[in-house]
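No lab work stands behind these numbers, since they all come straight from the coordinates. For clarity, every value in this text was computed on a predicted model and none was experimentally measured. With ideal geometry, Cβ positions are generated from the backbone for all residues, glycine too; neighbour counts draw on all protein chains shown.
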Amino acid sequence: MAVIRADLGACQGYANCVVGADDYFDIDDDGIVVVLKAEVPDADRKRVEEAARSCPVSALKVTDA
Amino acid sequence: MTHTLIIGGSVGGVRTAQALRAGGYGGRITIAEAETEAPYDKPPLSKGLLTGSAGPEDIRLLTPEQAEAADIDLRLGVRAAALDPQHRIASFDDGSSLGYDHLVIATGAAARRSPWGDRDGVRVVRSLADAAALRHDLTAGGALVVVGAGFIGAEVAATGRRLGLDVTMVDPQPLPMTRSLSADVAAAAMAMHEDAGVRCLMGVGVTGISGGPGHLAVALDDGTELKAATVVVGIGAVPNEGWLAGSGLTLDNGVVCDEYCRAVGAADIYAVGDVARWFDRARGRHVRAEHWTNAVDQAACAAHNILNPSDPRAYEPVEFVWSDQHDWKMQLVGDTSGLAATTLLGDATADRRFAALYADGRGGLRGAVVVNWPRVMVQCRKAMREGTSWDDIETGLRAIADTTARSEARP
């Protein structure tokens, strides 16, 4: 199990994460990331990590729970 | 132990290394970078680095500590000089050389040099050193003339206004950013720049630059002359492929690659980012792109293909570009060139938010430009990727537009 940590102050609303994993990330009307599920089972980890790494401003981290 | 040698500490190079490790690559990884600076991200160079809202340490892609933690051998200040693909050896300008099992070319592109001569006070924006020098000049004050109204030029012009400077942007094209934007959106972008105080001289060429720092003069082909303290030349970029001249690799304004990001004729060599010209199946031709997202996505593809030689993945991107200018956060997906958008949602002037949608003529979406409207952009990117029908996209986006309008009308 891993957890998603989002730096809402850093988020610039590029939404690369939403495109990468829209079951974990969404974006609100102000263009700030919304983490839909913070806990990531191992089966999803690689996909969610790739989505997090696609953030242009490194606002997302996936770390061990 | 196998060895992947990555030439270039660009975002493409760094992301390839990280994706290899994330994918369980157990071999050696070396990144050889010509600059002495640890790898850094380039989009902020024309924005935050110039205003001072970001410093060099804020934009690092890979610090020496992070490299060590990921078991990546990060070598700085070594410039690749030649490649011998037959013997799998890259050599460097300090006389050293390295062998490899897989090579990843990620040397990026360099700013196209000013055809009006090198001159103190005439700047380009490509490296951290370029940005630092330009920031120094801009903070000294005085008029700024930006030559070239592409994305970089337009961003620098916007940054100049943010710093309170007198800014003029010059381009021989009739409108700014015409390589990417349709004429109607480019016209809206120009109006936005003019609202923000940028003097836009479009359809005008530069014939010469004279003077020195603080007292430059830019001569235009309509006979006028612009005085400037600083001139920035943003007229495109050329791939850093000179070091490959004798290698036998196919070079054609970029390293020519197949659809798997592999250099043609060399199954163990990949190219990613600005330096790569890959075969794009969707367009049926070779394409070179100079976008951050392109470099990042190609890095993921190259890493996958190094890790999974029996199950290679073709690089089939949906192009995505962003640019921040004044109060516009502009995002482009797909192909947004041409004369005019098929459908416009929102209003560029009244609510500073709009979406321009482009039909592909076959019942689908060809591309979209979205300004200050992230929720709409997400839908456009998904639609592009999933091949959603035009009617469904338009209906869905109109619903979002109505919801947004209603929530804003609420007292």
* Structure fact -> For the pair residue B:343 and residue B:310, the simple spin-label estimate (label points 7 Å beyond Cα toward Cβ) gives in nm 4.6
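In percent, what relative contact order does chain B have, based on Cα pairs under 8 Å that are 6 or more apart in sequence?
Values: 916 pairs, mean separation 57.6, N = 411.
Averaging sequence separation for qualifying contacts and normalising by length gives 14 percent for chain B.
Output the peptides B:54-64, B:149-159 sorted from most to least packed, where packing is the average of other Cβ atoms within 10 Å over each peptide's residues. Intermediate results must be reported in sequence, preceding the final value.
On the way: B:54-64: 15.1, B:149-159: 26.5.
Top of the packing list down: B:149-159, B:54-64.
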* Determine, from the Cβ-Cβ distance of residue B:392 and residue B:2 and an R0 of 30 Å, the FRET efficiency 1/(1 + (r/R0)^6), rounded to the nearest 0.05. => 0.05
* Hz values of 3J(HN,Hα) by residue in the stretch B:202-210 - Karplus curve (6.51, -1.76, 1.60), Gly and Pro given as x -> 9, x, 10, x, 9, 9, x, 10, 9
* **Mean Cα-pair separation over length for the stretch B:1-86, i.e. relative contact order, pairs under 8 Å, 6 or more apart, %** => 35
* Rounded to two decimals, what is Rg over Rh for the stretch A:2-57 when you use alpha-carbon atoms and the Kirkwood radius? -> 0.93
* lysines whose Cα lies under 29 Å from that of residue A:61, excluding same-chain neighbours fewer than 8 positions away -> A:37, A:46, B:42, B:47, B:329, B:382
* To do: Would you mind telling me the antiparallel percentage of the DSSP bridges in the protein assembly as shown, rounded to 5?
  => 65
* To do: With +1 on each Lys and Arg Cβ and -1 on each Asp and Glu Cβ, and nothing else charged, work out how big the dipole of the stretch B:47-150 is about its Cα centre, in Debye to the nearest 20.
  => 600
* Structure fact -> So, with points 7 Å from each Cα along the Cβ direction, the residue B:63-residue B:399 label distance in nm works out to 4.6
* For the Cα atoms of chain A, what angle does the longest principal axis make with the long axis of helix A:42-53, in degrees from 0 to 90, nearest 10? -> 30
* Asked: When the helix-only estimate is applied to the protein assembly as shown (DSSP H runs of n ≥ 4, each -39,500 (n - 2.57), divided by the residue count), what is the mean residue ellipticity at 222 nm, nearest 500 deg cm²/dmol?
  -> -8000 deg cm²/dmol
* Asked: Of all DSSP beta bridges in chain B, what percent run antiparallel (nearest 5)?
  -> 60
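Sorted by mean Cβ packing within 10 Å, highest first, what order do the peptides A:47-56, B:313-322, B:12-21, B:283-292 take?
Working: A:47-56: 20.3, B:313-322: 18.8, B:12-21: 26.1, B:283-292: 16.4.
Result, highest mean Cβ count within 10 Å first: B:12-21, A:47-56, B:313-322, B:283-292.
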* Note down the relative contact order for the stretch B:307-364 as a percent, whole number, built from C-alpha pairs under 8 angstrom at least six residues apart. => 21
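May I ask for the net charge around residue B:237, where only other residues with Cβ less than 13 Å from the Cβ of residue B:237 are counted and Lys, Arg are +1 while Asp, Glu are -1? Each step should come with its number before you reach the end.
Values: positive: B:42, B:112, B:113, B:126, B:179, B:288; negative: B:130, B:241, B:274, B:290.
Taking every Cβ under 13 Å from that of residue B:237, the sum is +2.
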* Asked: Across 20 Å bins from 0, what is the distribution of all Cα-Cα pair distances for the protein assembly as shown, in whole percents?
  -> 23, 56, 20, 0
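Taking 41 Å as R0, compute the FRET efficiency from the Cβ-Cβ separation of residue B:110 and residue B:267 and round it to 0.05.
0.90
Using a 10 Å cut-off on Cβ to Cβ distances, tally the other chain neighbours for every residue of A:15-25 and report the average as a whole number. Don't skip to the end; give the middle numbers.
Values: counts 11, 8, 1, 7, 10, 0, 0, 2, 0, 0, 1.
That average works out to 4.
I need the shape label for chain B. Rule: rounded when a/c is under 1.5, else prolate if a/b > b/c, else oblate, with a, b, c from the alpha carbon gyration tensor. Before the final figure, lay out each step's value.
Values: a/c = 1.87, a/b = 1.21, b/c = 1.55.
Oblate is the answer for chain B, as a/c is 1.5 or above yet b/c matches or exceeds a/b.
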* Evaluate peptide B:320-329: per residue, the Cβ atoms of other protein chains within 10 Å of its Cβ; return the mean as an integer. => 2
* Give me the log10 of I(q) over I(0) for the stretch B:217-266 at q = 0.15 Å⁻¹, as the Debye formula computes it from C-alpha points; what are the numbers? -> -0.60
* **Shielding score for B:369-378, defined as the mean number of other chain Cβ atoms within 10 Å** => 5
